[in-house]
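The values are calculated or read from the model by the stated rules, or taken from the named source; none is laboratory data. Not measured: the values here are computed from a predicted model. Neighbour counts run over all protein chains shown; Cβ positions are idealised from the backbone, glycine included.
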């Protein structure tokens with residue numbers, strides 16, 4: 001009897017092999033999606049073409065993708081920092097909300113400041129608010145041994161309610177007929193667009209912050225300590241690494257980055273604070289961070305891919321009347337196949353010899 | 001990643017040319033905030049869409065479950081670029097994005113439901129649902145035995161507050177002792193939360209539950225407890241046949257057919273329109289078998305008065321919860337006052353926060 005046997009690879013797959021696995025996983029997920037479409041009576045090939053065309057097929061589509069990828073990227077960059085230390089920050093959504101709140105506070109309190117002073121102030125307030133929101137579960141975890149997954153998740157709800165409280169109450173625009181939204185930001189509180197495109201300068205923030213995070217892990221001692229602590233907590237403690245402080249640091253940085261995303265979204269795309277700013281980027285970020293194996297550059301690619309998928313699915317709905325839920329199905333299938341594909345980078349199948 | 005890119009480029013090269021060619025059909029695109037299968041708000045609009053799809057020379061399409069804010073702006077822009085003649089957005093939060101897009105595409109007609117802003121090529125429309133709410137309030141007020149009526153409400157915005165007030169005025173018109181207890185769910189479509197909210201009202205003694213959300217959750221709560229309910233959006237009797245007294249319902253078809261006709265003839269003018277029961281855009285769903293004949297007649301008589309323009313509902317004297325007179329005797333509330341309503345009338349138990 002000849003059976004397949006699972007064996008650990010001597011060395012993990014190289015870059016080329018990993019790419020093959022990734023491509024195969026993507027192909028598999030698209031095939032699965034195609035099967036669902038065919039079951040629903042839509043031709044999979046034309047659907048794929050409409051999807052890709054809507055996501056990446058024109059300059060407008062690409063701009064839309066990049067626009068949508070910006071907040072996802074910043075949130076994902078944030079959660080990836082915490083995930084490196086194996087601290088499971090599920091709270092990017094709440095930290096994003098706090099960032100938007102912090103930035104809005106600055107924008108509404110000092111509308112007269114010139115752009116060059118107001119935007120940095122908004123960014124600083126967003127980072128402070130998001131960072132502190134991230135720090136709370138870190139302190140609870142290290143001092144009271146709470147589970148950070150639960151605490152960060154629960155704090156998301158608190159953050160959204162806080163945002164609601166402000167836009168329904170103190171910050172409500174008196175001219176909005178009672179609808180929940182703050183007044184429009186002054187011009188100096190709005191991040192502008194790049195040249196003749198619809199893309200805002202948040203893209204530049206992504207590049208700089210991504211580079212900083214990469215450099216932090218690549219070149220700094222603390223960055224190395226985070227990686228070491230993530231690999232083995234006990235060994236790290238034994239080696240004298242200040243583990244508690246590392247946890248505080250990564251959660252604060254994680255929250256600050258998600259908060260920055262909230263700042264960019266409030267300032268550049270919504271131009272005010274309103275409840276509909278919360279569309280789940282903080283949760284998408286977790287998927288993106290995992291798809292990208294926490295690497296800053298790969299996070300950029302994965303963020304674009306998921307943003308493209310969401311933009312493309314709208315096109316699919318418009319042209320072929322595919323239900324909105326289909327986007328979620330593809331997204332889930334991609335995550336599942338890519339994560340399952342990760343198995344093949346460290347293991348392989350061999351044929352069991354006859355006894 | 002390179003391989004991924006290569007594959008993507010290949011797909012693009014294959015299909016970039018096959019983009020859908022523009023035809024001469026009159027194209028109307030709809031944007032919904034929730035899935036059309038929700039039996040509620042988006043479903044009622046989609047019934048309207050299907051009605052105009054059946055017209056000659058009209059094709060329609062829709063994108064469902066579009067979050068309000070930047071995402072909706074992208075969807076609307078996409079529709080305008082694809083040469084849709086009319087873009088219809090059916091949620092309040094689509095207003096500002098639509099205004100932005102309307103400025104970029106002056107040749108496209110934009111129609112926004114439930115807001116207050118207009119532009120040269122952007123009109124807004126809504127229906128006087130409060131008229132039907134008033135009638136459903138009369139039914140609830142007559143059917144309650146505990147004199148406590150529950151109202152599961154979505155968000156404290158003027159549309160919802162206006163509905164609660166009209167409902168309460170209807171309740172009080174037939175039963176001055178009854179009160180309406182309001183619970184906010186802060187959701188438009190969350191069957192579980194809305195059902196729980198309905199149960200919480202039943203627990204404090206309500207024996208009729210009305211609602212302003214898109215899921216039939218509160219209807220189910222009432223049916224399980226063996227009490228009555230008032231639906232919303234569409235006839236929800238299928239979800240709670242024993243509980244469902246009636247429901248204030250939308251009939252968007254009336255407006256959509258009219259506006260498309262106007263746009264095609266070139267007679268359409270941007271502006272705010274607010275048709276009501278007389279035009280047929282709002283109505284009352286058929287009464288359940290438990291509603292006595294006399295009550296049905298009474299409500300229908302009042303309905304005839306609304307259609308004839310004799311019953312304007314928000315007519316003074318109307319007091320707020322604190323007892324202060326908000327509308328002097330004989331005064332009729334202006335549309336501005338109705339659209340910006342942020343206070344509850346006397347008889348409502350709850351806060352507008």
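Whether a residue is in contact with a helix residue (DSSP H, G or I) (Cβ under 8 Å, 6 or more places away or on another chain) and assigned to a loop (DSSP other than H, G, I, E, B) was assessed, and residue B:146 does not pass this test.
Checking B:276, B:330 one by one, the residue that is assigned to a loop (DSSP other than H, G, I, E, B), loosely packed, with under 12 Cβ neighbours inside 10 Å and in contact with a strand residue (DSSP E or B) (Cβ under 8 Å, 6 or more places away or on another chain) is B:330 and no other. Please enumerate the residues belonging to region B:336-353 that are surrounded by fewer than 12 Cβ atoms within 10 Å (Cβ to Cβ) and in contact with a strand residue (DSSP E or B) (Cβ under 9 Å, 6 or more places away or on another chain). Hits for region B:336-353 are B:351, B:353.
Might you let me know whether region B:157-165 holds any residue that is more than 20 Å from residue B:302 (Cα to Cα), at pLDDT below 95, within 12 Å of another protein chain (Cβ to nearest Cβ) and not in a helix (DSSP H, G or I)? Taking every residue of region B:157-165 in turn, at least one turns out to be more than 20 Å from residue B:302 (Cα to Cα), at pLDDT below 95, within 12 Å of another protein chain (Cβ to nearest Cβ) and not in a helix (DSSP H, G or I). Only one of the listed residues (A:209, A:184, A:162) is at pLDDT 95 or above and surrounded by fewer than 19 Cβ atoms within 10 Å (Cβ to Cβ). That residue is A:162. Consider region B:97-133 and keep the residues that are out of contact with any strand residue (DSSP E or B) (no Cβ under 9 Å at 6 or more places or on another chain) and either buried (at least 24 other Cβ atoms within 10 Å of the Cβ) or touching a residue at least 24 places away in the same chain (Cβ under 8 Å) (or both). The one that is nearest to residue B:295 (Cα to Cα) is B:120.
Please go through region B:166-188 and give me each residue that is assigned to a loop (DSSP other than H, G, I, E, B) and more than 14 Å from chain A (Cβ to nearest Cβ), ordered by number. Outline the logic, then answer.
Just the residues of region B:166-188 that are assigned to a loop (DSSP other than H, G, I, E, B), to begin with: B:175-178, B:185-188.
Result: B:175, B:176, B:177, B:178.
When you check residue B:84 against the structure, is it within 13 Å of chain A (Cβ to nearest Cβ), closer than 27 Å to residue B:307 by Cα and in contact with a strand residue (DSSP E or B) (Cβ under 7 Å, 6 or more places away or on another chain), yes or no?
Answer is no for this residue.
Within region A:187-206, restricting attention to residues that are within 14 Å of chain B (Cβ to nearest Cβ) and touching a strand residue (DSSP E or B) at 6+ places or on another chain (Cβ under 8 Å), the residue that is surrounded by the most Cβ atoms within 10 Å (Cβ to Cβ) is A:191.
With respect to residue A:83, determine if the residue is within 14 Å of chain B (Cβ to nearest Cβ), touching a residue at least 40 places away in the same chain (Cβ under 8 Å) and within 18 Å of the chain's Cα centre (by Cα). So residue A:83 does not fit the description; no.
A single entry from A:42, A:31 fulfils the requirement of being surrounded by 17 or more Cβ atoms within 10 Å (Cβ to Cβ) and away from every other protein chain (no Cβ under 12 Å): A:42.
Of the residues in region B:334-343, none is part of a helix (DSSP H, G or I), on the phi < 0 side of the Ramachandran plot, modelled with pLDDT of 95 or more and in contact with a helix residue (DSSP H, G or I) (Cβ under 8 Å, 6 or more places away or on another chain).
Within region A:313-327, none of the residues are within 18 Å of the chain's Cα centre (by Cα), in contact (Cβ under 8 Å) with a residue 40 or more places away in the chain and buried (at least 23 other Cβ atoms within 10 Å of the Cβ). A count restricted to region B:58-80 and to residues that are more than 20 Å from residue B:154 (Cβ to Cβ), in contact (Cβ under 8 Å) with a residue 12 or more places away in the chain and either within 20 Å of the chain's Cα centre (by Cα) or within 9 Å of chain A (Cβ to nearest Cβ) (or both) stands at 8. In region B:20-32, what residues are at pLDDT 90 or above and within 11 Å of chain A (Cβ to nearest Cβ)? The answer is B:27, B:29, B:30, B:31, B:32.
Sub-7 Å Cβ pairs linking a first residue in region B:328-342 that is within 13 Å of chain A (Cβ to nearest Cβ) and under 9 Å from residue B:162 (Cβ atoms) to a second residue that is assigned to a loop (DSSP other than H, G, I, E, B) and at pLDDT 90 or above, at least 6 apart or interchain, are B:338/B:314, ordered by first then second residue.
Okay, residues lined up against (1) crowded, with 18+ Cβ neighbours inside 10 Å; (2) not in a helix (DSSP H, G or I):
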residue: A:89; (1), (2): yes, yes
residue: A:99; (1), (2): yes, no
residue: A:105; (1), (2): yes, no
residue: A:112; (1), (2): no, yes
residue: A:120; (1), (2): no, no
residue: A:126; (1), (2): yes, no
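Can you list residue pairs whose Cβ atoms sit under 7 Å apart, with the first residue in region A:299-312 being surrounded by 22 or more Cβ atoms within 10 Å (Cβ to Cβ) and the second being outside any helix (DSSP H, G or I)? Count only pairs 6 or more apart in sequence or on different chains. From residues that are surrounded by 22 or more Cβ atoms within 10 Å (Cβ to Cβ), the pairs are A:299/A:292; A:302/A:292.
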